[in-house]
Amino acid sequence: MVSVLVWGLYLSAACAVTVCDASITPRTQVNSQERLVTPQTNTSVNFDDILYPIRGRVFRDWDQRHVCYPAEFYYPRSVDDIVAIVKENNNANAHRQIKVVGAGHSFSPIMIADDRNAIMMSLDKVNKFLSPTMEAMDEYTEGDQLVTVESGMRLWELNENLIHLGLAMENLGAITEQSVAGAFSTSTHGTGGSLGSLATAVRGIKFVSANGTLVSASIDSNPELFHAVVVGLGAIGVVVEVTLKVQPAYKLYRSQTKWDLDELIHELPVLLQRYERLQWYWTPYVSGENAVLLTREATDKAIEPAGMGCWNGTKVVTPTCVDISNRVLSRDGRAGTLFTEMEQFIPIAHCMDALNDFRAFQEMPEVVAAYNPKDKLFTGVRYVAADKHWMSMMYESDICVISFIAWGNTHESGDSNVFKFYAQELERISHRYGGRPHWGKMNWGTRAYFRTVYPRLDDFVQLQRSMDPNGIFMNQYLRERLH
Ligand SMILES: Cc1cc2nc3c(=O)[nH]c(=O)nc-3n(C[C@H](O)[C@H](O)[C@H](O)COP(=O)(O)OP(=O)(O)OC[C@H]3O[C@@H](n4cnc5c(N)ncnc54)[C@H](O)[C@@H]3O)c2cc1C
């Protein structure tokens with residue numbers, strides 16, 4: 001509890017983000033079925049028919065680090081609902097902040113509503129699988145393996161639908177709790193030197209812009225707009241529909257081996273040649289084999305352990321297993337230890353320099369002396385291929401991702417002061433090499449710095465301002481980094 005409080009104070013002070021405004025009294029949560037006073041609408045859609053705004057709903061993210069109190073919270077059920085909500089709240093009489101939340105699985109306050117009169121919306125009910133239908137699968141040939149889904153669908157739901165059709169995503173991140181749109185809006189990634197982030201699977205999107213217009217962007221028809229808006233950070237509009245490139249379902253063999261860190265680093269060039277899907281990490285201040293290499297390879301072998309595969313209810317069970325791809329690429333994110341994370345995306349040519357610098361920092365005598373063995377730390381490395389999305393951490397650069405984690409327990413995330421001590425140093429190191437932080441993870445970046453590493457940042461801001469002159473989709477986190 002204490003560290004949650006400290007974390008809140010730290011964020012308020014350091015990031016100046018209103019995560020918990022004590023002057024706003026939390027109100028009791030109301031039953032969503034309960035009939036509430038509906039707002040007057042000046043659109044042709046009758047709010048009585050479509051949805052109820054929930055007043056007094058406290059929003060908490062996945063680990064309750066970020067909390068906010070939007071004046072109204074909506075669960076739209078259709079694109080028409082979303083258009084109506086946007087028009088109702090952004091017109092000649094009102095410019096209310098509108099923040100869309102996916103699964104609330106960001107470490108940064110990127111999805112937080114911080115205006116007093118803000119509204120939030122969850123697209124949990126805008127989550128249908130649209131195409132292809134099972135019947136149309138006969139016509140489905142290689143080369144056009146595209147699926148279209150509503151954007152509020154969670155990644156795990158997407159995977160289940162895909163498996164049903166004999167399809168799969170090319171790559172995934174560590175968990176699948178995120179919504180489809182939430183994941184690609186921040187360039188969520190897995191690992192693989194020639195594999196892109198989830199945003200690179202997107203072929204087309206539809207979003208409701210600030211004036212309530214439905215806008216389409218696709219890689220073929222309007223690539224410039226497409227590459228501007230896919231990694232949209234929630235700042236461009238409400239994404240409602242997504243077309244994704246997928247592939248035939250496949251199985252992977254997962255292997256996890258312990259290494260001495262120096263030996264692993266020595267062997268890394270060979271290992272990277274051999275394994276496409278490779279990641280590794282080490283646990284600082286643990287003696288002996290404190291590094292772990294994790295690889296995943298395509299296989300035709302039977303699921304192993306038999307009848308179980310890589311998941312056992314809530315956890316990855318064995319270091320070695322065979323399973324369908326999504327259960328090998330991701331773990332079950334519904335339970336487990338909470339943690340605080342930063343990721344810095346370093347141009348691949350500087351990967352080892354940045355890693356050596358961070359390791360040297362961890363090994364400085366005064367840093368070692370300050371280390372408290374009760375703190376469980378993690379430094380990890382993944383790889384992601386370059387892409388063309390303007391605000392992607394991989395924009396025109398092959399990347400090695402250096403992650404730093406302070407582990408907590410099942411109730412609260414890692415100690416915020418310990419986290420900050422290491423993470424701020426990692427950020428300083430990253431800046432030396434032109435690194436970019438994950439938009440959805442902790443960072444202290446500023447617009448001044450981001451302009452030096454995002455060549456299209458000014459273009460993005462110009463587009464954002466032209467599409468949303470009142471800035472209804474912005475919040476403090478975004479303004480500090482973009483404006
Ligand atoms: C336990 C854990 C593990 C993680 N593992 C990874 C990992 O392996 N790789 C990685 O890269 N990241 C990882 N992340 C980070 C996470 O993938 C990103 O922060 C992601 O953006 C969260 O998706 P979400 O659906 O929860 O969106 P939210 O966190 O709710 O929102 C993220 C952003 O997307 C916007 N958004 C959401 N839906 C829409 C929409 N329909 N239209 C417009 N904007 C929208 C929000 O406004 C916000 O700006 C992890 C996070 C956690 C908590």
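The values are calculated or read from the model by the stated rules, or taken from the named source; none is laboratory data. None of the values given here were measured: they were computed from a predicted structure. Positions of Cβ are backbone-derived with ideal geometry, glycine not excepted, and every protein chain shown enters the neighbour counts. Surface areas here come from the heavy atoms of the whole protein model, side chains and all, with no ligands, DNA or RNA. Shrake-Rupley method; radii C 1.70, N 1.55, O 1.52, S 1.80 Å.
Checked against the criterion of being small (G, A, S), in contact with a Phe, Trp or Tyr (Cβ under 6 Å, 6 or more places away or on another chain) and part of a loop (DSSP other than H, G, I, E, B), the candidates A235, A217, A228 yield just one match: A235. Go through segment 454-475 and give me each residue that's open to solvent by less than 40 Å² (accessible area, probe 1.4 Å) and more than 15 Å from the ligand (Cβ to nearest atom). Within segment 454-475, Y454, L457, V461 meet the criteria. Scan segment 210-236 for residues that are under 23 Å from S122 (Cα atoms) and open to solvent by 50 Å² or more (accessible area, probe 1.4 Å) and the total you get is 4. Among the residues making up segment 339-364, those that are in a helix (DSSP H, G or I) and not hydrophobic (A, V, I, L, M, F, W, C) are H350, D353, N356, D357, R359, Q362. The set of residues from segment 98-113 being more than 9 Å from the ligand (Cβ to nearest atom) and either out of contact with any Lys or Arg (no Cβ under 9 Å at 6 or more places or on another chain) or of a type in the set (G, A, S) (or both) comprises I98, A113.
Within 29 Å of C310 (Cβ to Cβ), among the acidic types (D, E), open to solvent by 50 Å² or more (accessible area, probe 1.4 Å) and not assigned by TED's automatic domain parsing to the domain that holds D61: does that describe E160? Outline the logic, then answer.
Numbers: within 29 Å of C310 (Cβ to Cβ): yes; among the acidic types (D, E): yes; open to solvent by 50 Å² or more (accessible area, probe 1.4 Å): yes; not assigned by TED's automatic domain parsing to the domain that holds D61: yes.
Criteria met by E160.
Just wondering, is there one or more residues in segment 276-299 that are farther than 30 Å from K376 by Cα, assigned by TED's automatic domain parsing to the domain that holds R382, open to solvent by 60 Å² or more (accessible area, probe 1.4 Å) and of a type in the set (A, V, I, L, M, F, W, C)? Yes: one or more hits.
Go through segment 373-412 residue by residue and tally those that are closer than 30 Å to R203 by Cα and polar (S, T, N, Q). Count: 3. Here segment 362-416 is the region considered, the condition is being among the basic types (K, R) and over 23 Å from T186 (Cα atoms), and the residue that is surrounded by the fewest Cβ atoms within 10 Å (Cβ to Cβ) is K374. So in segment 316-333, with the set limited to residues that are outside any loop (DSSP other than H, G, I, E, B) and crowded, with 21+ Cβ neighbours inside 10 Å, which one is nearest to the ligand (Cβ to nearest atom)? In this case the residue turns out to be L329.
Test N117 against the criterion of being under 13 Å from Y69 (Cα atoms) and either in contact (Cβ under 8 Å) with a residue 12 or more places away in the chain or open to solvent by 10 Å² or more (accessible area, probe 1.4 Å) (or both), and give yes or no. So N117 passes the test. Scan A71, A84, A92, A103 and give me the residue that is surrounded by fewer than 16 Cβ atoms within 10 Å (Cβ to Cβ) and small (G, A, S). Only one candidate qualifies: A92.
The condition (being within 16 Å of the ligand (Cβ to nearest atom) and either more than 27 Å from Q178 (Cβ to Cβ) or not in a strand (DSSP E or B) (or both)) is satisfied by just one residue among G336, G309, G288: G336. In the set (1) open to solvent by 60 Å² or more (accessible area, probe 1.4 Å); (2) under 18 Å from the mean Cα position of the chain (by Cα), R451 fails one condition alone, (2).
Taken together, the residues in segment 300-312 that are open to solvent by less than 50 Å² (accessible area, probe 1.4 Å) and out of contact with any Lys or Arg (no Cβ under 7 Å at 6 or more places or on another chain) amount to 1. Would you confirm whether any residue within segment 139-157 is open to solvent by less than 40 Å² (accessible area, probe 1.4 Å), more than 20 Å from V240 (Cβ to Cβ) and at pLDDT below 95? Checked segment 139-157: at least one residue is open to solvent by less than 40 Å² (accessible area, probe 1.4 Å), more than 20 Å from V240 (Cβ to Cβ) and at pLDDT below 95.
Every listed requirement among (1) over 21 Å from the mean Cα position of the chain (by Cα); (2) assigned to a loop (DSSP other than H, G, I, E, B); (3) among the polar types (S, T, N, Q); (4) within 15 Å of the ligand (Cβ to nearest atom) is met by N211 save one, (4). Checking each residue in segment 237-249 for being away from the ligand (no atom under 16 Å from the Cβ) and open to solvent by less than 40 Å² (accessible area, probe 1.4 Å) picks out only V246. When Q64, Q40, Q29 are checked against the criterion of being at positive phi, surrounded by fewer than 19 Cβ atoms within 10 Å (Cβ to Cβ) and modelled with pLDDT under 95, a single residue qualifies: Q64.
Residues T186, T200, T191, T176: which one is in contact (Cβ under 8 Å) with a residue 12 or more places away in the chain and more than 27 Å from V79 (Cα to Cα)?
On inspection, the qualifying residue turns out to be T191.
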